[in-house]
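The values are calculated or read from the model by the stated rules, or taken from the named source; none is laboratory data. A quick note: this is a predicted structure, and the numbers were derived from the prediction, not measured. Here the Cβ is made from the backbone with ideal geometry for all residues, glycine too, and neighbour counts use every protein chain on show.
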Amino acid sequence: MEKDLNTENTRDLPALFKKLYDIIVLLREPSGCPWDKKQTARSIRGNLIEEAYECVSAVDESDDENLKEELGDLLLVISMIIRIKEQEHAFTYSEVLKEICAKLIRRHPHVFGNETLKTAEEVVITWEKIKTDVEGKKTEHSILENIPGALPPLEKALSIQKKVSKVGFDWKKLEPVWEKLDEEIQEFKAAVQNNMSEQSEEELGDILFTIVNIGRLLKINSALALHRTNDKFMKRFIELEKRTREKGIKLEDAGLEILDRMWDEIKNEEIKA
């Protein structure tokens, strides 16, 4: 490696990686944990998404202590899947680490080589060029063919838009996208008013796709934005439940007017905090 990456804080990393690996190996042994032994890459693939979003929540809340724990959980799931694949003789833990290290060095010639790149945009262009010219990751039929089918809808929409934007199929300014959003909303309203359920669903999808586009142009990840809103709503609603209990009011009997007033109180207290 062209640069020495060892620092004081990394001296115990080899031993700790080995310890984690040995623990997972033991869990998967015949005499290990019944739950861990029966897992497959498919059975725990959902845990990858769950743990990743728990990491996102910890970042959003600036909760470093929780983030440390959640990153460990994510690393556990990743390591478990690698061990499963080792047992299937597909690849090894070492091969995974070697491949990502080699890729990072190869795709950062401005850091590990003699190339000079001064902007983030230049780095992205070089990254894509290396993927195509050096690694041979060329598309056979479509630039969209390598988008994972299992991506959640908002993430998939963003990935599609990023791909097509690289070949110039993109909005140049934000204003026309606002107009497109207005157009899609009107088409959605018309479909709803005419009781066209299938078309209503399609038009709602068009609205969401356009909003993802707006977020992308504003450098806002729509999936993360919605994730934050979901967490915010849940937090406020849990507080609403707590306050109704304290007042001896059943939530379902309170009525929207009272609940809405309490909701606003909770919201205003958050703003002032």
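Structure data summary
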| read-out | value |
| --- | --- |
| Test: PHE233 is among the aromatic types (Phe, Trp, Tyr) and in the same structural domain as ILE266 (by TED's automatic domain parsing) | yes |
| One residue from VAL77, VAL59 being farther than 21 Å from PHE17 by Cα and of a type outside the set (Phe, Trp, Tyr) | VAL59 |
| Subset of the range 132-147 (residues that are among the hydrophobic types (A, V, I, L, M, F, W, C) and more than 24 Å from the chain's Cα centre (by Cα)) | VAL134 |
| Given (1) closer than 29 Å to LYS156 by Cα; (2) in a helix (DSSP H, G or I), index of the condition MET262 fails | (1) |
| Residue among LEU20, LEU26 that alone is of a type in the set (A, V, I, L, M, F, W, C), within 28 Å of PHE112 (Cβ to Cβ) and at pLDDT 95 or above | LEU20 |
| Residue match in the range 237-256 (condition: in a helix (DSSP H, G or I), touching a Ser or Thr at 6+ places or on another chain (Cβ under 7 Å) and closer than 30 Å to GLU145 by Cβ) | no |
| Odd one out for PHE188 among (1) touching a residue at least 40 places away in the same chain (Cβ under 8 Å); (2) surrounded by 15 or more Cβ atoms within 10 Å (Cβ to Cβ); (3) part of a helix (DSSP H, G or I) | (1) |
| Candidate set from the range 131-141 (those that are surrounded by 10 or more Cβ atoms within 10 Å (Cβ to Cβ) and of a type outside the set (D, E, K, R)); member that is modelled with the lowest pLDDT | THR139 |
| Set ALA223, ALA150, ALA157: member being at pLDDT below 95, in a helix (DSSP H, G or I), of a type in the set (A, V, I, L, M, F, W, C) and under 17 Å from the mean Cα position of the chain (by Cα) | ALA223 |
| Residue match in the range 201-208 (condition: within 28 Å of SER222 (Cβ to Cβ), in contact with a helix residue (DSSP H, G or I) (Cβ under 6 Å, 6 or more places away or on another chain) and without any contact (Cβ under 8 Å) to a residue 12 or more places away in the chain) | no |
| Residue in the range 166-188 that is farther than 30 Å from ARG45 by Cβ, modelled with pLDDT of 95 or more, among the basic types (Lys, Arg) and more than 27 Å from the chain's Cα centre (by Cα) present | no |
| Conditions (1) polar (S, T, N, Q); (2) in a helix (DSSP H, G or I); (3) at pLDDT 95 or above; number of the one not met by SER31 | (2) |
| Count of the range 124-145 residues which are part of a loop (DSSP other than H, G, I, E, B) and in contact with a Lys or Arg (Cβ under 8 Å, 6 or more places away or on another chain) | 4 |
